Amino acid sequence: MQSPTEMVVPRSLMVELIDLLGEFPSERNRRQAEVFGIRLADLERRARTQGAACETVAAIQGVRVLFDLAELPPLPASKANS
């Protein structure tokens with residue numbers, strides 16, 4: 001029986017993350033954004049249950065942060081830029 005430290009996590013999680021980034025919603029398409037968010041959450045769940053490296057989980061979380069930021073409405077123009 002292998003110990004958790006001897007388990008090898010397939011590289012496919014990072015490949016899947018990179019592929020998913022290629023599908024990042026480019027416009028404000030609510031349905032596309034929902035599907036992307038669900039797929040990203042599923043990828044993170046699988047990474048955690050498969051014992052993925054901390055760097056893999058952190059990369060997925062980083063994409064989640066960028067995705068959340070991209071979904072925010074634009075900030076109002078500052079008076080200094082006027």
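The values are calculated or read from the model by the stated rules, or taken from the named source; none is laboratory data. Every value quoted in this text rests on a predicted model; they were computed, and no experiment measured them. FYI the Cβ positions are ideal-geometry reconstructions off the backbone, even for glycines, and counts take in every protein chain you see. Remember, those area values only see protein heavy atoms, side chains included, never the ligands or the DNA or RNA. Shrake-Rupley method; radii C 1.70, N 1.55, O 1.52, S 1.80 Å.
State all residues of segment 50-68 that are part of a helix (DSSP H, G or I) and open to solvent by less than 100 Å² (accessible area, probe 1.4 Å); if no residue qualifies, say none.
Within segment 50-68, THR56, VAL57, ALA58, ALA59, ILE60, GLN61, GLY62, VAL63, ARG64, VAL65, PHE67, ASP68 meet the criteria.
Please go through segment 23-49 and pick out each residue that is open to solvent by 70 Å² or more (accessible area, probe 1.4 Å), under 17 Å from GLN61 (Cα atoms) and either not in a helix (DSSP H, G or I) or not hydroxyl-bearing (Ser, Thr, Tyr) (or both).
GLU23, GLU34, ILE38, ARG39, ARG45, ARG48
How many residues are aromatic (Phe, Trp, Tyr) and at pLDDT 95 or above if we restrict to segment 26-82?
Residues flagged as aromatic (Phe, Trp, Tyr) and at pLDDT 95 or above within segment 26-82 amount to 0.
Within segment 69-82, work out how many residues are free of Cβ contacts under 8 Å to residues at least 24 places away in the same chain and part of a helix (DSSP H, G or I).
Residues that pass the stated criteria total 4.
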